[in-house]
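Inspection log for the structure reproduced underneath, given as structure tokens.
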Amino acid sequence: MFDTSRVQKEVVEFNRDTAISGVSIALYDGAGGADLTHLCGTISGPVGTPYEGGIFVIDIQLPSGYPFEPPKMQFVTRVWHPNISSQNGAICLDILKDQWSPALTLKTALLSLQALLSTPAPDDPQDAVVAQQYLRDYRKFLGTARHWTETFAKSASVGFDEKVKKLVEMGFPEDIVRSVLEGVKGDENMALEKLCSG
Amino acid sequence: MADDEDFPSSSDVEEPEDADCYLSDQYDDNAENVLQYLEDGRQEDCNWSVSSVITRESLLAAQKEDLRKIMELLALSEQHARTLLIHYRWDVERIFELLDQKGKDKLFSEAGVTNLENKINHSLSSFNPFTCSICFEDVSCSVITEMECGHCYCNECWTEHFIVKINDGQSRRIRCMAPKCNAICDEAIVRSLVSARDPDIAERFERVLLESYIEDNDKVKWCPSVPHCGNAIRVMGDIYCEVECTCGMQFCFRCLSEAHSPCSCLMWELWVKKCQDESETVNWITVNTKPCPKCHKPVEKNGGCNLVACICGQAFCWLCGGATGRDHTWSTITGHSCGRFKEDRVKRIESARRELDRYMHYHNRYKAHTDSLKQESNLKETILGKIAISENKDSRIKDYSWVMNGLNRLFRSRRVLSYSYPFAFYMFGDELFKDEMTPQETDLKQNLFEDQQQQLESNVEKLSMLLESDFQEFSDEEVMENMKHVINLSSVIDRLCKQMYLCIENELLYPLQRATHNIAPYKSKGPERASEHSSRFTKATNEDIDVQHGSAVNASGSPSPAKRLSQFQPSSSSDGKHGCSSTKRAKNEGSLDTPLFDLNMPAEVVDKSWT
Ligand SMILES: [Zn+2]
Ligand SMILES: [Zn+2]
Ligand SMILES: [Zn+2]
Ligand SMILES: [Zn+2]
Ligand SMILES: [Zn+2]
Ligand SMILES: [Zn+2]
Ligand SMILES: [Zn+2]
């Protein structure tokens, strides 16, 4: 039932103009070879927003009904935004829910996420705390969002394998490092904490 | 009571004032006899109710009826009419209203119906070869389908889309695959493409479309019987009503629980929860036990003095809960000075005790009437036996239908009485309407209500006693006397019930500012029996029975038949009032402004004044 050929075509088509669009997509080449149902997208933070200069990693899961069911997307990089959970990166965006159309692609979805970064919709929030701050104290919101971009979206541009390497050099076994790092969605500090606590 | 005469036609209601009350009783009794005939199944096609049963077999016909109305009015195909009706929850009246307000184009586009008048036609072959923008494949124009909205994709993709939606339970409204296109897919295309791939799924699609008439329709609900009888009930007009399915299940149409008037749905829900709830037990524990200072288990006070002992061996002071030794007298405990007496705890216990007492008061009475109802249900067999004996006696009296009519009246009024207690519990308690009434108002209204409740109660008990008498051993004169009492009491009780409902609707619930509580109106005959679905009510005379029955009890100010009729008609002549849960109903017009006799008089006095 899963339409591999469409996804393959999408991926090929996708990365033709990455430099201009500021979004890209990659396969996770895990142990079992390329798995087309689990992809990794990136979005560069739009210019003129507190996200500028950041690279945001999106975890993409394709359900078996894709493209007739919407892809599941979630921010791996922590981000301060009214429509994205500051806790777990869950996204509130209509086209990822009931407004999804099979004629949309992963690229249009990622471009929509990029557009969401530049135009938040605080009236339909995913993260109530962020949305409140956005509405009541916009300057403070900008400050926090910028700070988060600096802290999380710039170090996150370091590749997964590099992080693994770093932690392995610290003396942890590679297989454990990989699974822990995956479990915390690539957050080095949290991974280290977990590894140290046993 | 002679019941060989036909039902009087509506003109007969106009009678001289003084004869009215007696006649009204007679009509009432006639109507009861009709009910009896119905119960016996002697008269089948009497369609006097505003609710109807929809069986699996008649579902299609019921649906077609509404479809046809829309198809005719708007010159639509059946599937467009269906799309429109599903979107507007099968509310034909509402579609008519919106047609006026919004116009055809807006009405259609919001529902996802393509207005074919605006459609541009072009030939699909101009697309050859066609690249499907979903699977990115090049395909021949023979395997692509264009929806009415003009969007075109390959058949494989359409089929996949349909199947995903059907499996997801979203197949009543399958939207076009194009982004932001609101059009609903042509059901004929869905049918043909899906059945080519998987006939089982196509069948499910069909069934879901059919059941939409029940699932998406505020005026139709599945009968809540378990195991399910397979029927659904449709009501016309007010959804605050109590109905009886042909399977015998009686229920509140609004909330689908047992018929609970004069409680509102919310009151009943709260009451059921309260009765099941542990919270009352918790209250009991707060009032009657204290935690042991050592093991913290609740300990009951076990004697008159204030020293209590826990099973763990610890003794403590009941007043303050502090651990003590065992050496004590009636008034003091050695070495213990009760200094930590906590005012607020005592207050809390007092209020918990008051709350508990209040609940127990209402619950005991509610329970007493429910129990009586159960016992009296067993009476039916006994009474049928007595009637059989009486009918075979050498006597002038051959008609004993008054006994069964009296018994039915007893059942119905018992029901009303028992549900009137949870109603009062919430109406005059703090939980729901604390801010709606001042304490003085509450007192006043409670007195008014309880006065009616008590009158009803005493008359119901009298009727119960009368019906238990061994009338099969009576002389003819005694039977006549008994019969007269039963008939009169039944009539008085019916009136009192009606009066109580009106008081609740008009004096108690209607003035509420914030909360909206609607109750099912009083039905002299009990929950309305839903008739088998037939395309339209057929005999005007059937309504006359209801009109007369309803008005006979009121007697004065006969309601205009036209007004009555309008509530049977689901047609365009709507006054815009829907049985929507958030709206407050208009005041009940069936007022009792000119009572026929003083209801404050005991029934015997009323009896005497009649003869
Ligand atoms: Zn296709
Ligand atoms: Zn379309
Ligand atoms: Zn039923
Ligand atoms: Zn209810
Ligand atoms: Zn103890
Ligand atoms: Zn003692
Ligand atoms: Zn004490």
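With R₀ fixed at 35 Å, the C-beta to C-beta distance from A:Lys97 to A:Met170 puts the FRET efficiency at about 0.30. Close Lys pairs in region A:4-153, defined as Cα atoms under 25 Å apart and 8 or more places apart or on different chains, number 6. Dipole magnitude for region A:4-153: computed about the Cα centre from +1 point charges on Lys and Arg Cβ and -1 point charges on Asp and Glu Cβ, it is near 200 debye.
For B:Ser337 and B:Arg353, the difference between the fully extended length at 0.36 nm per residue and the C-alpha to C-alpha distance is 3.1 nm. Taking the Kirkwood radius as the inverse of the mean 1/r across Cα pairs, report the Rg/Rh of region B:333-431. Answer for region B:333-431: 1.40.
Using the scaling law 2.2 N^0.38 Å as the reference, what is the normalised Cα Rg of chain A? Intermediate values should be presented prior to the final figure.
On the way: Rg = 17.2 Å, N = 198, 2.2 N^0.38 = 16.4 Å.
Here the Cα radius of gyration is 1.05 times the empirical estimate.
Centre-to-centre separation between the Cα atoms of region B:368-436 and those of region B:154-199: 55 Å.
The label point for B:Glu468 and the one for B:Asn506, both projected 7 Å from the Cα toward the Cβ, are 3.6 nm apart. Selection among B:Ser464, B:Cys317, B:Ile389 by position relative to the dipole of region B:286-519 gives B:Cys317 as farthest towards the positive end (Cβ unit charges, Cα centre).
A dipole drawn for region A:4-153 from +1 and -1 charges on Cβ atoms has a positive end, and of A:Leu142, A:Ile95, A:Ile25 the residue lying farthest that way is A:Leu142.
Normalising by the residue count of chain A, find the relative contact order in percent from Cα pairs under 8 Å and 6+ residues apart. Relative contact order of chain A: 18 percent. Taking 25 °C and 0.890 mPa s as the conditions, I'd like the Stokes-Einstein D for region B:147-232 in µm²/s, using the Kirkwood hydrodynamic radius from alpha carbon pairs. My calculation gives 174 µm²/s for D. Shielding by partners for peptide A:103-109, expressed as the average number of C-beta atoms from other protein chains within 10 Å of each residue's C-beta, is 3. Here the simple spin-label model places points 7 Å from the Cα toward Cβ, and for B:Asp105 and B:Asp451 these points are separated by 6.4 nm. With the simple spin-label model, which puts each label point 7 Å out from Cα in the Cβ direction, the B:Ser225 to A:Cys40 separation comes to 6.2 nm.
When a 1.4 Å probe is rolled over the protein heavy atoms, the share of accessible surface on region A:4-153 that falls to carbon and sulfur comes to 54 percent.
When Lys and Arg each count +1 and Asp and Glu each count -1, what net charge do the other residues less than 15 Å away from A:Lys154, Cβ to Cβ, add up to? Could you put the intermediate results ahead of the total?
Values: positive: A:Arg78, A:Arg146, A:Lys163; negative: A:Glu52, A:Glu150, A:Glu162, A:Asp187, A:Glu188.
Around A:Lys154, the charge tally is -2.
Going from the chain on its own to the full set of protein chains, region A:55-83 has these residues losing 40 Å² or more of accessible surface (heavy atoms, 1.4 Å probe, no ligands, DNA or RNA): A:Phe68.
Based on the Stokes-Einstein relation at 25 °C and a viscosity of 0.890 mPa s, and on the Kirkwood radius from alpha carbon pairs, region A:6-109 is assigned a translational diffusion coefficient of 170 µm²/s. Per the accessible-area calculation with a 1.4 Å probe, the total area buried between chain B and chain A rounds to 1200 Å². Placing a label point 7 Å from the Cα of A:Val129 along the Cα-to-Cβ line, the residues of region A:76-100 whose backbone N sits under 19 Å from it are A:76-92.
Each 10 Å bin from zero up to the one holding the largest Cα-Cα distance in region B:286-519 carries the following percent of pairs: 7, 22, 19, 15, 16, 12, 6, 2, 0. About the centre of its Cα atoms, region A:98-198 shows a dipole size close to 320 debye [charges on the beta carbon of Lys, Arg (+1) and Asp, Glu (-1) only; nearest 20 debye]. Please give the residues of region B:390-425, grouped as numeric ranges, whose backbone N is less than 18 Å from a label point set 7 Å along the Cα-to-Cβ vector of B:Ser377. In region B:390-425, the label zone of B:Ser377 (backbone N under 18 Å from the point 7 Å along Cα→Cβ) covers B:407-420.
The values are calculated or read from the model by the stated rules, or taken from the named source; none is laboratory data. Model, not experiment: these values are computed from the prediction. Cβ sites come from the backbone with ideal geometry, for glycine too, and all protein chains shown count toward neighbours. Just so you know, the surface numbers come from the protein's heavy atoms only, side chains and all, with ligands and any DNA or RNA stripped out. Shrake-Rupley method; radii C 1.70, N 1.55, O 1.52, S 1.80 Å.
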